[in-house]
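The values are calculated or read from the model by the stated rules, or taken from the named source; none is laboratory data. These numbers were taken from a predicted model, which means no experiment stands behind them. As a convention, Cβ positions derive from the backbone with ideal geometry for all residues, glycine included, and neighbour counts pool all protein chains shown.
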Amino acid sequence: MGRRGLAILLSGFIAAAGAADAADMSIVVLDRHNRPVPEVAVTLSAADGHVLAPMRPAAEAVMAQNHRAFIPALLVVGTRTAVSFPNNDMVSHQVYSFSKAKRFQLPLYKGRPKSPVLFDNEGLVVLGCNIHDEMVGYIFVTDAPRFGKTDAEGRVEFRSLPAGEYSLSAWGPFIADSPESLKRVLHLEAQGEATEQVKLSRPLRSRPSPSPGREKWDY
Amino acid sequence: MVRPALWLLFAGATLAAADERLDITGAVDARWVHSDSAPSFLDGGRGILRFDAGHDGLRLGRAFASLKYRLTDTVSLHAVADAYGDRQGNAVDFSEFWLDIKPFPTSALRWRARIGAFYLPVSFENRGPGWTSVYSVTPSALNTWIGDELRTVGAEVEARWLGASSGYAGDLSFVAAAYGWNDPAGAVLAFRGFALTDRPSTLRGGLGTPRVELYHEIDGRPGYYAGLGWRHGERLELRTLYYDNRADAAAEAGNHYAWLTRFVSAGARFEPSPHWTFIAQHLDGYTVVDDEDAASPFRMNFRTQFMLGSFERGRERFSLRYDRYRTHHLTGFYFGPPSNQDGHAWTLGWTHRFSDQWELAAEHIEGTSRFPPRASFGLQARQAESQSQLAVRYRFDASL
């Protein structure tokens, strides 16, 4: 066996050790009555100094407008993600934000605007429509190496994490609990599968629902 | 000669299509009517309904086009052209015409200004294009009157605190306007009392037979209104408004008299689920007109309320409304019997949406009211009136 063969063997061993060391983590967000809470942004960062390689950013994320509502209500993206804003309604929309993390204004439009908007700073961006005041959307822009959004079961899964300490945070537009109270520090064992529940103590705020057939109301 | 003109028109339309500056929404409403009402005010009587026993059969409800022309991203010109086919005023007339200035918010406070002629922000029912009610064919007595005699002809400014930026799903708003050309407001209410019709006046059309001329400036004094609004999520909206046209009740110009009209309006809309809507509105005020020959000025108080419940599921909507309305004539009895109206009405409506374009709307109104001036028409003061309508509506949308 030559030196080259040894190197391949060694690298294979290291890779196998790395895989054996990795664990999966599930975060489940539940309300006071143990019902799952969808549309919650969950972020995970290494807490003990180990380095967690960031996820590859999505090429382009989409925040659509359907029946005079932003779909999805919450979009979670990594910093430096471009987001497009297609309008699927018969009426024009005029999307803006005056949030610190991103100030922008899209001119009145139907269909797909010419170019996406780049979200280059961490923070919460609250979207509005200058034509329809009741339209509110949220883009949660994060620097965290791992992030996701809870699904209909209130669940986010993070795969292949190295063992160690992690800090977890959660934010949802319809959650009344303070973000501080939802922070957790988690210890992940090697080769484990951990599930962490984040339970809310305060009732959820009511969430808007799209209203088909009402696009031309309050015109 | 015609061909170059057509080509020019075509070229113009294609150029405009590049950035779609003009939005047009309109509808044609044709209906079958059955009514046993006393002669309508529109036809020279004192009935409270739009159609009377002499106007049964196939009628044009309304044909309108609502235009919105974008001048810049935040400035647009709005106009609503109407035809009612009832020989009141011009065949086609405008009911609204205004410039809308709505800058992008740069903080949680959003400003908006409207300049021109437009409806007062009172109605919770008239949310459709062209100020149509989305819950029934005929709006309440309260909002019928708003459409009959009142139009802001001036400038309105709204300041709205957008709660979403602070994590609150709702808004608080303050609105104020200064306007002219509202000096005759109150005259129709004095002659006829409250009514339930879906025939708001146009800007130059007047109303009733003989025609009451509306939207004139008589005393040169501007009027104002100011209001507050609160929207809490998608579930609840509250609004209140104080209106004072500041008319000089003694002023007259030609055959036009200035009526001093003041009122307070308050309303709430509650949508506990996406299917249910409940609306309640209240309006309370008075109108005064002075005549140098009379011993005392004509003064009449008025008050009306309604409650509406509406259920929408899929393509169907059902609505039920109860209206209560009263006027009380206090002084100046020189117009004949006192304008003391006391009445109520039930309205039952059903709408079926076939598509984005086609809609069927059925409605039945039962109203009973006492109004002594009916004696001048050889009628009992107390009348029970009913009206059934079945409307077929075609709606069109276009962008150029």
> Among the listed residues B:ASP291, B:ASP248, B:ASP284, which satisfies the condition of being free of Cβ contacts under 8 Å to residues at least 40 places away in the same chain, more than 30 Å from B:PHE51 (Cβ to Cβ) and more than 14 Å from chain A (Cβ to nearest Cβ)?
Replying inline: B:ASP248
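If you go through segment A:171-183, how many residues are assigned to a loop (DSSP other than H, G, I, E, B), within 14 Å of chain B (Cβ to nearest Cβ) and of a type outside the set (S, T, N, Q)?
Looking only at that region, the number is 6.
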>> more than 14 Å from every other protein chain (Cβ to nearest Cβ) and without any contact (Cβ under 8 Å) to a residue 40 or more places away in the chain: which single residue out of A:PRO38, A:PRO57 fits that description?
In response: A:PRO57
>> Between a residue in segment B:366-395 that is crowded, with 16+ Cβ neighbours inside 10 Å and any residue that is assigned to a helix (DSSP H, G or I) and not β-branched (Val, Ile, Thr), which pairs come within a Cβ distance under 7 Å, given they are 6 or more apart or on different chains?
In response: B:ALA381/B:PRO372; B:ALA381/B:ARG374; B:ALA381/B:ALA375; B:GLN383/B:ARG374
>> Among the residues that make up segment B:150-158, is at least one of them surrounded by fewer than 22 Cβ atoms within 10 Å (Cβ to Cβ) and within 9 Å of chain A (Cβ to nearest Cβ)?
In response: no
>> Return the residues of segment B:34-60 that are among the aromatic types (Phe, Trp, Tyr) and not in a helix (DSSP H, G or I); say none if nothing qualifies.
In response: B:PHE51
> Does B:SER339 satisfy the condition of being more than 14 Å from chain A (Cβ to nearest Cβ) and surrounded by 15 or more Cβ atoms within 10 Å (Cβ to Cβ)?
Replying inline: yes
> From A:GLY164, A:GLY172, which residue is touching a residue at least 24 places away in the same chain (Cβ under 8 Å) and more than 22 Å from the chain's Cα centre (by Cα)?
Replying inline: A:GLY164
>> Being of a type in the set (Ser, Thr, Tyr), in contact with a strand residue (DSSP E or B) (Cβ under 8 Å, 6 or more places away or on another chain) and within 30 Å of A:SER211 (Cβ to Cβ) is true for just one of A:THR81, A:THR43. Which residue is that?
In response: A:THR81
> Are any of the residues in segment A:152-170 within 11 Å of chain B (Cβ to nearest Cβ) and closer than 16 Å to A:VAL29 by Cβ?
Replying inline: no
>> I need every pair where a residue in segment A:41-54 that is farther than 9 Å from A:GLU165 by Cα has its Cβ under 7 Å from the Cβ of a residue that is part of a loop (DSSP other than H, G, I, E, B) and among the β-branched types (Val, Ile, Thr), sequence separation at least 6 or different chains.
In response: A:VAL42/A:THR150
>> Here are the criteria: (1) surrounded by 14 or more Cβ atoms within 10 Å (Cβ to Cβ); (2) away from chain B (no Cβ under 14 Å); (3) part of a loop (DSSP other than H, G, I, E, B); (4) not aliphatic (A, V, I, L, M). Tell me which single one A:SER201 does not satisfy.
In response: (1)
> How do the pairs read when you match residues in segment B:105-130 that are facing chain A (nearest Cβ under 8 Å) with residues anywhere that are of a type in the set (Phe, Trp, Tyr) and in a loop (DSSP other than H, G, I, E, B), using Cβ under 9 Å and keeping only pairs 6 or more apart or on different chains?
Replying inline: B:ARG110/B:PHE104; B:ARG127/A:TRP217; B:ARG127/A:TYR219; B:ARG127/B:TYR135; B:GLY128/A:TRP217; B:GLY128/A:TYR219; B:PRO129/A:TRP217; B:PRO129/A:TYR219
> Within segment B:131-149, restricting attention to residues that are within 12 Å of chain A (Cβ to nearest Cβ) and of a type in the set (S, T, N, Q), which residue is nearest to B:ALA83 (Cα to Cα)?
Replying inline: B:THR132
>> Let me spell it out: the conditions are (1) part of a strand (DSSP E or B); (2) in contact with a Pro (Cβ under 7 Å, 6 or more places away or on another chain); (3) not β-branched (Val, Ile, Thr), and B:TYR225 meets all of them except one. Which number is the exception?
In response: (2)
>> Cβ-Cβ distance below 8 Å, separation of 6 or more or different chains: which pairs start in segment B:311-334 with a residue that is more than 26 Å from B:GLY367 (Cα to Cα) and end on one that is of a type in the set (Val, Ile, Thr)?
In response: B:GLY332/B:VAL289
> If only one of B:LEU236, B:LEU203 is under 24 Å from B:ASP93 (Cα atoms) and in contact with an Asp or Glu (Cβ under 8 Å, 6 or more places away or on another chain), which one is it?
Replying inline: B:LEU203
> Taking into account only those residues within segment A:70-103 that are within 14 Å of chain B (Cβ to nearest Cβ) and surrounded by fewer than 17 Cβ atoms within 10 Å (Cβ to Cβ), which is modelled with the lowest pLDDT?
Replying inline: A:MET90
